[in-house]
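The block underneath contains the structure these notes are about, expressed in structure tokens.
The values are calculated or read from the model by the stated rules, or taken from the named source; none is laboratory data. Please read these numbers as outputs of a predicted model, since none were measured by experiment. Cβ placement follows ideal geometry from the backbone for every residue including glycine, while neighbour counts extend to all protein chains displayed. Areas reflect the complete protein model, heavy atoms only, side chains present, ligands, DNA and RNA absent. Shrake-Rupley method; radii C 1.70, N 1.55, O 1.52, S 1.80 Å.
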Amino acid sequence: MTSVFFLIIIGAFVYFFVFAEIFQIKIIQISGTEKVQKGDLETILGENIDRKIFIFSTKSIFLINLSDVTKTILEKFPQIYQVHLKREFPDALTLGIQERKPLYVFCKDSTPCFYLDEKGVIFEEVFGTEAPFLKIKDIRTQEIKLRGNVVKEELLNGIKEIDGKLKEKTEISPEEIVLFEQKIEVQTVQDLKIFFNPKENISKQIQKLILTLENEIPQEKRGNLDYIDLR
């Protein structure tokens, strides 16, 4: 008798938490979207909220698997790199996302071009050729895939330094940066090519370039240059 009573009590609790109106999800709040559509995220949440227990439907806040939903969102949207999904009792879910920000455009000969973020990850195909970002062309033999880290941190920091300091210190504007196994080739708006060694300190090579331009190649003579090799 005692065990039957105990099972009845447990069953009542389960029924209450699964089917009680107070715990049915009614509110979904989504924040952080810029390029990703809220409606697409709402669809994923809706597919994971609705449950069937035998023949009965429920949207119990207790039954949604937060980690599964987070994984699904990250897999479906390469533009998103961080997801914060929380229950807000008794009847709400809050979803906050952080989208990747394009830093450069990354291209290989045999593939489309992609946006590259500040971590060196490609996350979205670029359509057209007028994207307002410096283009990085990769001639190396590595394979690439969406969400892949195609430019390692040290190399990416070197590229950022080249991009920023050339314009700031020398009035030379990079137009395209080409990555080879043994060199970085900077093609500039001024029709001048500059070669860097990716395995050596980029800051020192930039400083060498600045000193060379200041002391040996004045502005009026630079139009005659085809390239500067800092290796």
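Whole-Hz Karplus values for the range 73-85 come out as 5, 5, 6, 7, 10, x, 5, 9, 10, 8, 10, 10, 10 Hz, taken residue by residue from phi with 6.51 cos²θ - 1.76 cosθ + 1.60 and θ = phi - 60°; glycine and proline positions read x.
Counting only C-alpha contacts under 8 Å and six or more residues apart, can you give the relative contact order of the range 76-231 as a whole percent?
Numbers: 253 pairs, mean separation 22.6, N = 156.
Taking the mean separation of contacting Cα pairs over the length of the range 76-231, I get 14 percent.
Excluding ligands, DNA and RNA, the accessible surface per residue across the range 37-156 is 58 Å² with a 1.4 Å probe. For the chain, modelled as a GNM whose springs connect Cα atoms under 10 angstrom apart, the maximal fluctuation among F54, F106, F127 occurs at F54. Counted over the chain, the DSSP beta bridges are approximately 65% antiparallel. Here the spin labels are modelled as points 7 Å beyond Cα on the Cα-Cβ line, and at I55 and E176 they lie 6.7 nm apart. Stretching the chain fully between K71 and K193 yields a gain of 39.5 nm (0.36 nm per residue, less the alpha carbon separation). Taking a ≥ b ≥ c as the square roots of the Cα gyration tensor eigenvalues, with a/c under 1.5 meaning rounded and otherwise prolate when a/b beats b/c, else oblate, which class fits the chain? Note, shape of the chain comes out prolate. Listed by chain and number, the aspartates and glutamates whose alpha-carbon sits under 12 Å from that of K167, ignoring those within fewer than 8 places in the same chain, are E175. Between K101 and L146, the C-beta separation translates, for a Förster distance of 22 Å, into a calculated FRET efficiency of about 0.85. Dipole orientation for the chain: of the candidates L63, I122, I30, L63 has the Cα lying most toward the positive pole (charges on Cβ; Lys, Arg +1; Asp, Glu -1). Computed extension length for E154-D40: 37.5 nm, one decimal, from 0.36 nm per residue of separation with the Cα-Cα distance subtracted.
Summarise the accessible area of the chain (1.4 Å probe, protein heavy atoms) by the percent that is carbon and sulfur. Roughly 53 percent of what the probe reaches on the chain is carbon or sulfur.
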